[in-house]
Amino acid sequence: MPELPEVETVRQGLLPAVVGARFSRVILRRANLRFPFPDRFAERLEGRTVTDLARRAKYLTAGLDSGETLIMHLGMSGRFDVALPDGSNLSPGDFYLEGALGNAKHDHVVMAMSNGCTVTYNDVRRFGFMDLVPTPALAESRHFAGMGIEPLSEALTADAVARLFRNKITPLKAALLDQRLIAGLGNIYVCEALHRAGLHPEMRAGQLAKPDGTPTPKARRLAKVIAEVLTEAVAAGGSTLRDYAHTDGGSGAFQHAFRVYDRVGHRCGTRGCTGTIERIVQSGRSTFFCATCQIRPTK
C-alpha cells in the first residue's frame, strides 16, 4: 500500500491538472470501488471547480466550489493517469501489479477537466474509494474523525509523542502505526525511523515518556527522525518496491536510502555498528531492524 510520501507525490503530480479547473464531464465505469460511489456522484462533480488539493494522512482531499470536498484513497493499487492537452501523458504516482500497468479495463473513473486534461483513476484491486462530504464537516467525517496528528506538521513534537504514548504497554512500532495517534505512518517509514533513532521496535511505547509525562531523550530523537525520514522520502519521490513509479514514469528513489527495510542479512549502515539487519513479524507485518544498535530496553 502506498504510504504518506507516495500519496504526497501523487498530490504534487495532480496539482497542475486539477486545481483551478472545472469538472467538464465525469464518467463512472462501475457502481463501486471498495465502497459504492456516493449518490449522484458524477452529477455533483460536473460543473464544479477544484479550489485546492490537499493530503490528510494517506488520503487526498480536493476542495470544490460547491462547498463539498472530494475524498480519494488509493487503497492497494490505485493510481491516476493524466492525459495532457498536448497529447502527452503523466502518471502522478503509479501503484500497479506487474503486467497491469496501462490496462484500460481497470480504468474506473474518467474525469475530463476544463483545462483540457483528462484524469483517469485506475485500480486493479479496487481497494481504493472516493467520497463526497460537506467541507465544514470534513474533520468529523467517518474517514477523519478520531484520526491522529500529521507527522509532517508542527504538531509532531517530542511533547506530543510523550503525551500520546504515555503509559502505553503496546510495542513501539505498533503504537506508531496506530492511525488514531499519528496519522499516515506506514510499515516502511516506521522501520526506517526506528533504526535512525536507535529504538527497538518491541520496546514499550510508554517508555518514551517520563513518569511526569515529559518526553525522554528517545522521544525527542524519534520525533526528529520521523520528520526527517518522511521529508527525505517525499523529496525522493517516494519508494519504488514492486509497484510504484514516479510522476514522469520513472521510479521513486528513496528505496536506495533504505537502511533496514527489506535488507535482511545486510550489514547495518550505522557508523561503528557491526550488526546485520534482522526480520521479525509483529501483528502480521514484517519488521526490519538491527539488534546490535537497536537494543531492547530492559525496563
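The values are calculated or read from the model by the stated rules, or taken from the named source; none is laboratory data. Since we're looking at a predicted model, the values are computed, not measured. Cβ placement follows ideal geometry from the backbone for every residue including glycine, while neighbour counts extend to all protein chains displayed.
Does segment 109-124 contain any residue that is farther than 20 Å from Gly20 by Cα, among the aromatic types (Phe, Trp, Tyr) and assigned by TED's automatic domain parsing to the domain that holds Val82? No: zero hits.
Residue-wise test of (1) surrounded by fewer than 18 Cβ atoms within 10 Å (Cβ to Cβ); (2) within 19 Å of Ile295 (Cα to Cα); (3) out of contact with any Pro (no Cβ under 9 Å at 6 or more places or on another chain).
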| residue | (1), (2), (3) |
| --- | --- |
| Arg163 | yes, no, no |
| Pro171 | no, yes, no |
| Ala175 | no, yes, yes |
| Cys191 | no, yes, no |
| Pro201 | no, yes, no |
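Evaluating Glu6 against the criteria (1) of a type outside the set (A, V, I, L, M); (2) crowded, with 21+ Cβ neighbours inside 10 Å; (3) more than 20 Å from Gly78 (Cα to Cα) leaves one unmet condition, (3).
The residue list Asn103, Asn89 contains one member that is among the polar types (S, T, N, Q), surrounded by fewer than 18 Cβ atoms within 10 Å (Cβ to Cβ), more than 22 Å from Arg180 (Cα to Cα) and free of Cβ contacts under 8 Å to residues at least 12 places away in the same chain, which is Asn89. Against the test of being among the acidic types (Asp, Glu) and more than 28 Å from Met147 (Cβ to Cβ), the options Asp81, Asp39, Asp52 yield a single qualifying residue, Asp81.
In segment 255-293, how many residues are among the β-branched types (Val, Ile, Thr) and part of a loop (DSSP other than H, G, I, E, B)?
Residues meeting the conditions: 5.
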